[in-house]
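What follows is a short report on a single structure.
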Amino acid sequence: MRKMLIIVPLMLCATPAFAQAAPGESDTIQLPRELTDPAAAQRLARTMQAMSTALLNIHVGEMRAAVEGRPATAQDQRLTVGDLARQKDPDFDRHLQQQVASVGPMVQHSMTVLNHTLPVVLRDLENAQKSLERAVSNLPDPNYPKR
């Protein structure tokens with residue numbers, strides 16, 4: 001789950017990097033600012049903190065009571081996802097804070113690695129595309145009449 005929270009935003013940030021270059025542009029790959037700005041990693045960490053807080057505040061007590069086949073009590077109406085997590089782990093809040101705090105440096109490191117590898121990967125994909133186009137151009141036409 002933690003890996004997905006890191007990988008998905010990186011993939012979303014990387015999407016503009018795959019755009020085709022306009023004719024006449026140089027072959028130098030320009031990475032988007034979001035992938036080179038260290039402040040973007042910090043913004044992402046703050047956003048993840050806000051999202052986790054919002055998810056923990058979702059009220060689920062009434063749904064739990066309905067699944068158990070009983071009417072919801074006043075206590076059920078106040079029960080949140082965070083309350084359920086704290087029942088299983090008394091140090092849940094501290095563990096969550098530690099995980100969210102580690103996200104910023106991990107995202108920064110991932111962005112650095114991505115910045116170094118993305119141009120190479122894109123060049124290799126372009127070379128693979130050219131090779132495939134050459135191979136397909138040499139295939140016989142299936143509609144060509146046989147003799």
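The values are calculated or read from the model by the stated rules, or taken from the named source; none is laboratory data. Fair warning: this is a prediction, and the values are worked out from it, not measured in the lab. FYI the Cβ positions are ideal-geometry reconstructions off the backbone, even for glycines, and counts take in every protein chain you see.
Listed values, structure above:
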item: Residue check, Ala72 assigned to a helix (DSSP H, G or I), of a type in the set (A, V, I, L, M) and surrounded by 13 or more Cβ atoms within 10 Å (Cβ to Cβ); result: no
item: Unmet requirement for Leu118, which otherwise passes all of (1) in contact with a helix residue (DSSP H, G or I) (Cβ under 8 Å, 6 or more places away or on another chain); (2) more than 30 Å from Thr53 (Cβ to Cβ); (3) free of Cβ contacts under 8 Å to residues at least 40 places away in the same chain; result: (3)
item: Qualifying position, being exposed (fewer than 15 other Cβ atoms within 10 Å of the Cβ) and either of a type outside the set (S, T, N, Q) or in a helix (DSSP H, G or I) (or both), among Gln108, Gln98; result: Gln98
item: Residue that is modelled with pLDDT of 90 or more, at negative phi and not charged (D, E, K, R), where the choices are Gln99, Gln77; result: Gln77
item: Meets criteria (in contact (Cβ under 8 Å) with a residue 24 or more places away in the chain and surrounded by 14 or more Cβ atoms within 10 Å (Cβ to Cβ)) for Leu56; result: yes
item: Yes/no for Leu31 being surrounded by 15 or more Cβ atoms within 10 Å (Cβ to Cβ), assigned to a loop (DSSP other than H, G, I, E, B), modelled with pLDDT under 75 and not acidic (Asp, Glu); result: yes
item: Members of region 77-100 found to be closer than 25 Å to Ala40 by Cα, without any contact (Cβ under 8 Å) to a residue 40 or more places away in the chain and within 23 Å of the chain's Cα centre (by Cα), listed by number; result: His95, Gln97, Gln98
item: Odd one out for Leu125 among (1) hydrophobic (A, V, I, L, M, F, W, C); (2) out of contact with any helix residue (DSSP H, G or I) (no Cβ under 8 Å at 6 or more places or on another chain); (3) farther than 30 Å from Pro38 by Cβ; result: (3)
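Matching residues to (1) modelled with pLDDT of 90 or more; (2) closer than 21 Å to Met48 by Cβ:
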site	(1), (2)
Arg64	yes, no
Asp91	yes, yes
Asn127	yes, no
Val136	no, no
